[in-house]
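Read the structure below first, then the notes.
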């Protein structure tokens with residue numbers, strides 16, 4: 001064996017999950033592009049004149065990743081670019097956390113849910129980066145049967161529900177913390 005090979009079912013689950021994640025992410029940014037540009041500006045990492053072009057690059061990158069994961073010849077490159085984009089997001093979040101700027105909207109949940117910056121977002125992005133790198137790995141050549149396709153659909157739906165639940169908990173963390181009595 002020349003190296004570690006990923007089972008094609010695991011690859012399929014990861015790819016479909018990332019297609020869903022990046023496709024929906026780009027869609028919510030396109031629906032309110034001006035709002036996304038404001039969120040990006042709030043990070044205070046770019047000069048004002050570069051915010052709109054950078055926002056367009058982010059949306060274009062997310063769409064390109066989702067499309068690239070659909071095409072067998074570009075899957076590994078798209079997954080690698082996904083990991084790099086997620087690392088850039090984590091870096092932007094980490095810089096602002098280091099600056100003490102927690103109360104800005106991360107821009108990860110779309111217009112429906114404001115989500116302030118937290119260390120939990122860094123952990124979430126670390127898990128997503130690792131998953132994207134796994135998705136970039138070569139796969140074995142085993143054929144997928146009907147049971148595999150059923151499992152892929154069920155797993156992607158489960159991943160989507162778990163991701164949504166975790167994101168909702170991260171977004172509501174400050175509220176939940178304020179409702180918990182301090183016993184110190």
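The sum of -39500 (n - 2.57) across all DSSP H runs of n ≥ 4, divided by the residue count of the chain, sets its helix-only mean residue ellipticity at 222 nm to -24500 deg cm²/dmol. If R0 is 22 Å, what FRET efficiency do you get for residue 45 and residue 103 from their C-beta distance, rounded to 0.05? That gives a FRET efficiency of 0.85.
Packing here is the average count of other Cβ atoms within 10 Å per residue, and on that basis the peptides 139-146, 33-40, 76-83, 128-135, highest first, run 76-83, 128-135, 33-40, 139-146. Computed packing ranks the peptides 157-163, 86-92, 41-47 as 86-92, 41-47, 157-163, most packed first, by mean other Cβ atoms within 10 Å.
Helix 146-179 and the longest principal axis of the C-alpha atoms of the chain enclose an angle of approximately 10°. The angle between the Cα long axis of helix 119-135 and the longest principal axis of the Cα atoms of the chain comes to about 20 degrees, rounded to the nearest 10. Averaging Cα coordinates gives a centre for the stretch 19-36 and one for the stretch 37-57; these two points are 15 Å apart. Helix 33-42 axis versus longest C-alpha principal axis of the chain: approximately 60°, rounded to the nearest ten.
Over all distinct Cα-Cα pairs of the chain, the Kirkwood formula returns a hydrodynamic radius of 17.7 Å.
Every number here is computed from the coordinates shown, using simple stated rules; none is lab data. Everything numeric here is computed off the predicted structure, so don't read it as measured data. Neighbour counts run over all protein chains shown; Cβ positions are idealised from the backbone, glycine included.
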